[in-house]
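The values are calculated or read from the model by the stated rules, or taken from the named source; none is laboratory data. A quick note: this is a predicted structure, and the numbers were derived from the prediction, not measured. Heads up, the Cβs are rebuilt from the backbone with ideal geometry, glycines too, and the neighbour counts pull from every protein chain shown. When the accessible area is computed, the model is the full protein with side chains, heavy atoms only, and any ligands, DNA or RNA have been set aside. Shrake-Rupley method; radii C 1.70, N 1.55, O 1.52, S 1.80 Å.
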Amino acid sequence: MPSVRDQVLLAGLTTLGVGGPARRFVRAGTEAELIAAVRDADQRAEPLLILGGGSNLVIADTGFPGTVVQVATRGIEQAAGPDADTVRLTVAAGEDWDGVVASCVAAGLSGLECLSGIPGLTGATPIQNVGAYGQEVAEVITTVRVYDRATGEVAELAGPDCGFGYRTSMFKRDSSRRRVVLAVTFRLRRSELSGPVRYAELARALGVPEGGRAPLATVREAVLALRRGKGMVLDPADPDSRSAGSFFTNPVLDDAQFAALQKLVGAEVPIPRFPAGPGQVKVPAAWLIGQAGFGKGHPGPGGARISTKHTLALVNPGGATAADIAGLAGVIHDQVRDQLGVDLACEPILVGLSL
Ligand SMILES: Cc1cc2nc3c(=O)[nH]c(=O)nc-3n(C[C@H](O)[C@H](O)[C@H](O)COP(=O)(O)OP(=O)(O)OC[C@H]3O[C@@H](n4cnc5c(N)ncnc54)[C@H](O)[C@@H]3O)c2cc1C
């Protein structure tokens, strides 16, 4: 039987530590309980929020006026892949993501190693196509099993049909939140070596050329060390890790938008950028935020602030509210737009809030 409670405070269930109570809160320990809890909320026509590890959510101080279903399903199954050197790993939505990555690294399965240290649960990884250090889950997801709230059926979606893009997917774009992820299947390669290291900072840390490979465990350790340096590994002793990760995505600009930005900052100022398809570049949001006058540690209302280690993370060192975090994010967003003409998009999901 799932545990059902009323008025559960959500702040303690999010990494930012903000958010008021859920009117109704169900913890679903099995897939059947998860589907039943979602069906039940839908039958009552109640607002529904699926909660994983709460690491990509900013929930309003007034809480959630409906049912919050916490995913607590478990289970990992391994099957032979299409080729002799591949395996298919099917992971329940409620499995801790970094635990999955660590066990793959230990088992000599390559494909997830650069995604070490990302908080949250496996079921949330397809939602924003989690990525870091040159890897993203879309590269290795073969299928996503979902409960479809529109049809009331369970369906298997092939990876290419999930609309994956940079920090997005059809799941994230769909504001009706039609699909609940039950399990994700990954295709991984049996190898003690990582995939090609594409991220320059990681390649430097590993002492390999870009595109080179390194032992899986070495890559995991290097990624964790780089992430710790930026407050991007959850650590109760590090207030800079009380965040929702990067608060803004890196904007993709077309040639005309980039030219306009270059004109605004001055032709002599080199703008960091990465190729993002024909006629498009991705500009680091952290650079834009810095350029608009916000430094590391910049204070906001109520103790909310920019991380002292990374301009892209907004943190609640303790005592800040969701309104404080949203207030700081709004000031940053508006100043970047007004000074640099770039409309930054929020990476976390805002629940009951807007900037
Ligand atoms: C310190 C820190 C570092 C981070 N670094 C990275 C990073 O490097 N790269 C990156 O991509 N992200 C990063 N993140 C963001 C976050 O960890 C990921 O987006 C993660 O996948 C969210 O998982 P979660 O279980 O916590 O999801 P939650 O925050 O609980 O939920 C996020 C969204 O997904 C929905 N959701 C969750 N589970 C399901 C499900 N089973 N079915 C349907 N919808 C669901 C929720 O309703 C919500 O809309 C970081 C966050 C923090 C705090």
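Some notes on this structure:
Quick grid of which residues meet (1) free of Cβ contacts under 8 Å to residues at least 12 places away in the same chain; (2) closer than 29 Å to Gly63 by Cα:
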| site | (1), (2) |
| --- | --- |
| Trp287 | no, no |
| Gly290 | no, no |
| Pro299 | yes, yes |
| Arg305 | no, yes |
| Ala323 | no, yes |
| Ala326 | no, yes |
| Val331 | no, yes |
| Arg337 | yes, no |
| Pro348 | no, yes |
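- Thr151 touching a residue at least 24 places away in the same chain (Cβ under 8 Å) and of a type outside the set (Phe, Trp, Tyr): no
- Verdict on Ala260 being over 19 Å from Leu115 (Cβ atoms) and within 16 Å of the ligand (Cβ to nearest atom): no
- Contact map, the range 1-22: first residue free of Cβ contacts under 8 Å to residues at least 60 places away in the same chain, second residue among the aromatic types (Phe, Trp, Tyr) and open to solvent by less than 20 Å² (accessible area, probe 1.4 Å), Cβ cut-off under 6 Å, separation 6 or more or different chains; pairs are Arg5/Phe25.
- Scanning the range 97-109 for residues that are open to solvent by 10 Å² or more (accessible area, probe 1.4 Å) and either closer than 18 Å to Gln135 by Cα or among the polar types (S, T, N, Q) (or both) turns up Asp98, Gly99, Ala102, Ser103, Val105.
- Every condition in (1) open to solvent by 40 Å² or more (accessible area, probe 1.4 Å); (2) touching a strand residue (DSSP E or B) at 6+ places or on another chain (Cβ under 8 Å); (3) part of a loop (DSSP other than H, G, I, E, B) holds for Gln7 except the one numbered (3).
- Subset of the range 330-354 (residues that are among the aliphatic types (A, V, I, L, M), crowded, with 19+ Cβ neighbours inside 10 Å and more than 13 Å from Ala292 (Cβ to Cβ)): Val351, Leu353
- Here is the figure for the range 226-245: residues that are surrounded by fewer than 19 Cβ atoms within 10 Å (Cβ to Cβ) and among the small types (Gly, Ala, Ser) total 2.
- Options Glu268, Glu201, Glu210: the member that is surrounded by fewer than 17 Cβ atoms within 10 Å (Cβ to Cβ), free of Cβ contacts under 8 Å to residues at least 12 places away in the same chain and not hydrophobic (A, V, I, L, M, F, W, C): Glu268
- Selected residue (only one of Gly131, Gly123, Gly99, Gly165 is within 16 Å of Gly75 (Cβ to Cβ) and free of Cβ contacts under 8 Å to residues at least 40 places away in the same chain): Gly99
- Top-ranked residue of the range 41-64 - restricted to ones that are touching a strand residue (DSSP E or B) at 6+ places or on another chain (Cβ under 9 Å) and farther than 25 Å from Ala345 by Cα, ranked as farthest from the ligand (Cβ to nearest atom): Arg44
- Single match in Gly81, Gly94 (criterion: open to solvent by less than 40 Å² (accessible area, probe 1.4 Å), within 18 Å of the chain's Cα centre (by Cα) and closer than 20 Å to Gly159 by Cα): Gly94
- Selection from the range 10-30 of residues that are in contact with a strand residue (DSSP E or B) (Cβ under 6 Å, 6 or more places away or on another chain) and open to solvent by 60 Å² or more (accessible area, probe 1.4 Å): Arg23, Arg27
- Index of the failed condition, Gly279 passing every other in (1) touching a strand residue (DSSP E or B) at 6+ places or on another chain (Cβ under 6 Å); (2) open to solvent by 30 Å² or more (accessible area, probe 1.4 Å); (3) modelled with pLDDT of 95 or more: (3)
- Residue in the range 67-77 that is more than 13 Å from the ligand (Cβ to nearest atom), open to solvent by 30 Å² or more (accessible area, probe 1.4 Å), among the hydrophobic types (A, V, I, L, M, F, W, C) and over 19 Å from Val181 (Cα atoms) present: no
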